[in-house]
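Written below as C-alpha cells is the structure these notes are about.
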Amino acid sequence: MLNKKVVLLALAALSVLASCKKSTTEDTTTYGRVNVTHASPDAPGVDLLVDDTKQNSAALGFPNSTGYLNVPIGSRNFKVNVSGTSTSVINANATIEANKSYSIFAIDSVSNIMPLVVEDDLTTPASGKAHVRFIHLSPDAPAVDVAVTGGGVVFANQAFKQSTAFTPLNAGAYNLEVRVAGTTTVALTLPTITLEAGKIYTVFAKGFLGGSGAQALGAQIFVNN
C-alpha cells in the first residue's frame, strides 16, 4: 500500500522536553528539525541530553510530543535518562542532516524501550487536501486496518512499529475505526478527526491492548506543520 520504510535507529530519543525553548531561527543549512514523542505506555517521564547537555527543564511524559526542535547537523550523542537521574536507558550516536525533518518515538514497554525514527515528508498538500499518516505504536496489539467507520479501509495491515506514508485526504471531518487487520472486528473507535486543508497530521495507536487508564489502547494525533 502506501507504507513508508521505517528505520529503527540506535538513536536516543525518548524526550526532548515539552518545556524546551524552540529556536526562532529557521537556518536549515546548520540544523535538522526533530519532533520527539513519548510513546512508551509504562515508561516514566524522561530527560534528554544532546552531547551531554540536558535539553529539558521538565520531564516529558506519555503520550506527549515536543513539536519540532532545531538540532545542529552532524554526529550527535543522545542520552535518554530517567527524569532527574543520571541513569541512561538509551545512549547512542546519530547523524542529523540539514534540510530534513524527523519524528522520533520512544516505543514499546519500559523493559524493552527503544527509539523509532521516521523521516517526515512535509511537502505542502494540494488545494483542499490534508496529509495524514498512521503509525502503529501499541506494543501488544495485532496488525490493524484503519478504516472509515462502517466503510472502506484507509490504511491497511499495519503492524507494531510500522508507519504509512503521508497520504492525501480531502479536508473535512472523519469518523474512523481501527480493525483487526483483514477483518471487520473493531478494536478501537476513534473520536471524530477534523482535517484542515493544508495541514499535515500524524495519528498513532498508543497504549496496551489490555491496559487501563492512561495506558489503555487509544490513539493520539498531532500536527506536523
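Restricting the count to DSSP beta bridges whose residues both fall in the chain, what percent are antiparallel, rounded to a multiple of 5?
Values: 56 of 69 bridges.
Expressed as a percentage, antiparallel bridges in the chain total about 80.
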For the stretch 131-173 versus the stretch 43-88, the gap between their alpha-carbon centres in whole angstrom: 28 Å
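Could you work out the relative contact order of the chain, using alpha carbon pairs under 8 angstrom and six or more residues apart, expressed as a whole percent?
About 20 percent, as a whole number.
How would you rank Ser138, Ser57, going from fewest to most other Cβ atoms within 10 Å of each one's own Cβ?
On the way: Ser138 26, Ser57 11.
Fewest-to-most Cβ neighbours within 10 Å comes out as Ser57, Ser138.
For the stretch 129-223, what is one quarter of the convex hull surface built on the Cα atoms, given in nm²? Walk me through the numbers on the way to the answer.
On the way: hull surface 21.9 nm².
The number I arrive at for the stretch 129-223 is 5.5 nm².
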Cα Rg, Dmax, the chain, angstrom units: 17.2, 50
Count of Lys pairs (Cα-Cα under 12 Å; at least 8 positions apart or interchain) in the chain: 5
Net charge contributed by nearby residues that have their C-beta within less than 15 Å of Ala216 (K/R +1, D/E -1): -1
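On full extension of the chain, what length is gained from Asn93 through Leu169, given 0.36 nm per residue of separation minus the C-alpha to C-alpha distance? Let's see the in-between values first.
Numbers: separation 76, 0.36 × 76 = 27.36 nm, distance 3.65 nm.
Contour length minus Cα-Cα distance gives 23.7 nm.
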Calculated FRET efficiency for the pair Ile221/Ser109, C-beta based, R₀ 22 Å, to 0.05: 0.45
Residue among Gly32, Gly151, Gly213 with the largest mean-square fluctuation in a Gaussian network model of the chain, springs linking Cα atoms under 10 Å: Gly213
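Each reported figure results from applying straightforward, stated rules to the coordinates on display, with no laboratory input. Predicted model, so just to flag it, every value in this text is computed and none were measured. Glycine also receives a Cβ, built like all others from the backbone with ideal geometry; neighbour counts cover every protein chain displayed.
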